[in-house]
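Report on the structure given below.
Since every read-out is calculated from the coordinates, none of them should be taken as a lab result. Source: prediction; values computed, not measured. A quick note on method: Cβ atoms are made from the backbone with ideal geometry, for glycine too, and the neighbour counts reach across all protein chains shown.
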Amino acid sequence: MNNENLEEATFGAGCFWCVEAIFEELKGVKHVEAGYAGGEKKNPTYKEVSYGSTGHAEVTRIIYDPEVISYDQLLTVLWHTHNPTTLNRQGPDVGPQYRSAIFYHNEEQQKIAEKSKAEIDKSDLWEDPIVTEISPLKNYSKAENYHQNYYENNPNAGYCQVIIAPKLKKFRKEFSHMLKDDVQ
């Protein structure tokens, strides 16, 4: 396998620390990066995005091998690991920077995302309507270095223990068949 066969997906699903920790554990995912997307300003800082005034969402950029894991499978994980029915909120994190969003990289991803959203909306997975934004990727920038691999680097931090660890436990149980071999 070479890097030319890899593809990208960009999702917003609340705090990027949670989303990054989940997607890093999937077979076929080669790299996950915390970042910002969807706003008007180029290269915003965490402080600017946190104020909720730039229009950016906290996102994860996922580099994956489509021969191992499909875009549709990534979407399935996304739908099951955050609440796509709450506008601008995920758990304790509130504001437009925490919105549920799929930023597509091409028309094929757009079609797959729209179909997947419609199917999930019709299913009984979530009682309320899905409010996830589906938009073309714009103004993506990598988050500051201290946000990268946050859970892995700070497993004993309060947010990691209270929010991320329980979410990971549930994810690992539900998606055990899709985890990398070295994930417990």
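Here is how the numbers come out for the structure above:
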item: Residue that is nearest to the chain's Cα centre (by Cα), among those in segment 70-87 that are assigned to a loop (DSSP other than H, G, I, E, B), surrounded by fewer than 22 Cβ atoms within 10 Å (Cβ to Cβ) and touching a residue at least 12 places away in the same chain (Cβ under 8 Å); result: N83
item: Every residue from segment 153-184 that is surrounded by 12 or more Cβ atoms within 10 Å (Cβ to Cβ) and touching an Asp or Glu at 6+ places or on another chain (Cβ under 9 Å); result: I163, L168, F171, R172, F175, M178, L179, V183
item: Any pair with Cβ under 6 angstrom, 6 or more apart, that starts in segment 132-149 at a residue that is in contact (Cβ under 8 Å) with a residue 12 or more places away in the chain and ends at one that is part of a loop (DSSP other than H, G, I, E, B) and surrounded by 13 or more Cβ atoms within 10 Å (Cβ to Cβ); result: T132/P84; L137/H105; N139/G39
item: E48 assigned to a loop (DSSP other than H, G, I, E, B), acidic (D, E) and surrounded by fewer than 17 Cβ atoms within 10 Å (Cβ to Cβ); result: no
item: Which numbered condition G38 misses (of (1) surrounded by fewer than 16 Cβ atoms within 10 Å (Cβ to Cβ); (2) over 20 Å from K167 (Cα atoms)); result: (1)
item: Hits in segment 101-122 (condition: touching a helix residue (DSSP H, G or I) at 6+ places or on another chain (Cβ under 9 Å), of a type outside the set (F, W, Y) and crowded, with 17+ Cβ neighbours inside 10 Å); result: I102, Q109, I112, A113, S116, K117, I120
item: Residue among E40, E119, E67 that is assigned to a helix (DSSP H, G or I) and not aromatic (F, W, Y); result: E119
item: S53 being within 20 Å of F175 (Cβ to Cβ) and without any contact (Cβ under 8 Å) to a residue 24 or more places away in the chain; result: no
item: The one condition in (1) in a helix (DSSP H, G or I); (2) of a type outside the set (D, E); (3) closer than 25 Å to G52 by Cα that L168 fails to fulfil; result: (3)
item: Filtered residue count, segment 135-152, keeping only those that are among the polar types (S, T, N, Q), in a helix (DSSP H, G or I) and surrounded by 13 or more Cβ atoms within 10 Å (Cβ to Cβ); result: 0
item: Matching residues in segment 88-100 - criterion: being of a type in the set (S, T, N, Q) and either part of a helix (DSSP H, G or I) or surrounded by fewer than 17 Cβ atoms within 10 Å (Cβ to Cβ) (or both); result: N88, Q97
